[in-house]
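Engineer: Mind having a look at this structure? Questions to follow.
The values are calculated or read from the model by the stated rules, or taken from the named source; none is laboratory data. All of these numbers come straight from a predicted model, not from anything done at the bench. A quick note on method: Cβ atoms are made from the backbone with ideal geometry, for glycine too, and the neighbour counts reach across all protein chains shown. Quick note on the areas: whole protein, heavy atoms, side chains included, nothing else; ligands and nucleic acids left out. Shrake-Rupley method; radii C 1.70, N 1.55, O 1.52, S 1.80 Å.
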Amino acid sequence: MVTVKTTNELRVDRFTKAFKTFVLSAVAAGSVSSLASIGEASANPKLPFAGSARVSQSAHGDGYGLRAIDLALPAGTPVLAPADAKVVGTCNAGNNHRAIKLQSGSTFFSLIHVNTPDVFIGKTYRQGQQIGTVAADRPNNACARSTGVHLHFGVSSNAPVVDGINLLNVRYNTTIRSSNVRR
């Protein structure tokens, strides 16, 4: 039996492979510290924006191996650190459109479709600190793929509850509210 993959499935495969290669190279280069050196995870991670947003895609996988939701936020909306965290992976999809993986203790977060020129492996953020803004462009490459403006937010399965919301159970088109405060 021959399995034929759709164009979208092939793109996801390339995206996943690119991120795995990137993260493995960062580990080999010593850019990713041990969990102990990053500290304990924030006891109360927050959604990566201030105010409220509509869920435009419910729980799905991402290239970082995390479960994620997509948030219908307009371009230029500030993207905030969900916890005190360290950048352990980043990829530039062009025009400073970034995919970012953060680590806080044993918890990982992904933020994709963030416009920021100032992010690098090893950079640390405090909860609520602005990382960048929601990107306006729509890349379609191994780093990021977007058919419309939104913020992709992922979290590792050991901590799916963020701002009191279990991201694995949040439904499409639900409006969720963040308690994150921009610092």
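Engineer: Any idea how many residues of segment 160-173 are touching a residue at least 60 places away in the same chain (Cβ under 8 Å) and exposed (fewer than 13 other Cβ atoms within 10 Å of the Cβ)?
Structural biologist: Matching residues across segment 160-173 total 4.
Engineer: Among what's in segment 53-65 and is under 10 Å from the mean Cα position of the chain (by Cα) and open to solvent by 10 Å² or more (accessible area, probe 1.4 Å), pick the residue that is modelled with the highest pLDDT.
Structural biologist: That would be 62.
Engineer: Residues in segment 146-159: is at least one over 20 Å from residue 44 (Cα atoms), surrounded by 15 or more Cβ atoms within 10 Å (Cβ to Cβ), among the aliphatic types (A, V, I, L, M) and under 11 Å from the mean Cα position of the chain (by Cα)?
Structural biologist: Yes; the residues of segment 146-159 include at least one that is over 20 Å from residue 44 (Cα atoms), surrounded by 15 or more Cβ atoms within 10 Å (Cβ to Cβ), among the aliphatic types (A, V, I, L, M) and under 11 Å from the mean Cα position of the chain (by Cα).
Engineer: Could you please let me know if residue 134 is touching a Lys or Arg at 6+ places or on another chain (Cβ under 8 Å) and at negative phi?
Structural biologist: No.
Engineer: Has segment 97-114 got any residue that is without any contact (Cβ under 8 Å) to a residue 60 or more places away in the chain, among the polar types (S, T, N, Q) and more than 14 Å from residue 48 (Cα to Cα)?
Structural biologist: No, that holds for no residue.
Engineer: Just give me the residues in segment 74-96 being of a type outside the set (A, V, I, L, M) and within 21 Å of residue 55 (Cα to Cα), in sequence order.
Structural biologist: 74, 76, 77, 78, 82
Engineer: Let me ask something else. Open to solvent by less than 10 Å² (accessible area, probe 1.4 Å), of a type in the set (Ser, Thr, Tyr) and in contact (Cβ under 8 Å) with a residue 12 or more places away in the chain, is that true of residue 179?
Structural biologist: So residue 179 fails the test.
Engineer: Further, regarding this structure: Can you spot a residue in segment 121-144 that is among the charged types (D, E, K, R), closer than 17 Å to residue 90 by Cα, open to solvent by 30 Å² or more (accessible area, probe 1.4 Å) and at pLDDT 95 or above?
Structural biologist: Yes: segment 121-144 contains one or more residues that are among the charged types (D, E, K, R), closer than 17 Å to residue 90 by Cα, open to solvent by 30 Å² or more (accessible area, probe 1.4 Å) and at pLDDT 95 or above.
Residue by residue, here is whether (1) buried (at least 24 other Cβ atoms within 10 Å of the Cβ); (2) more than 18 Å from residue 156 (Cβ to Cβ); (3) within 11 Å of the chain's Cα centre (by Cα) holds:
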{"site": "67", "(1), (2), (3)": "no, no, yes"}
{"site": "74", "(1), (2), (3)": "no, yes, no"}
{"site": "78", "(1), (2), (3)": "no, yes, no"}
{"site": "83", "(1), (2), (3)": "yes, no, no"}
{"site": "94", "(1), (2), (3)": "no, yes, no"}
{"site": "100", "(1), (2), (3)": "yes, no, yes"}
{"site": "106", "(1), (2), (3)": "no, no, no"}
{"site": "113", "(1), (2), (3)": "yes, yes, yes"}
{"site": "119", "(1), (2), (3)": "no, yes, no"}
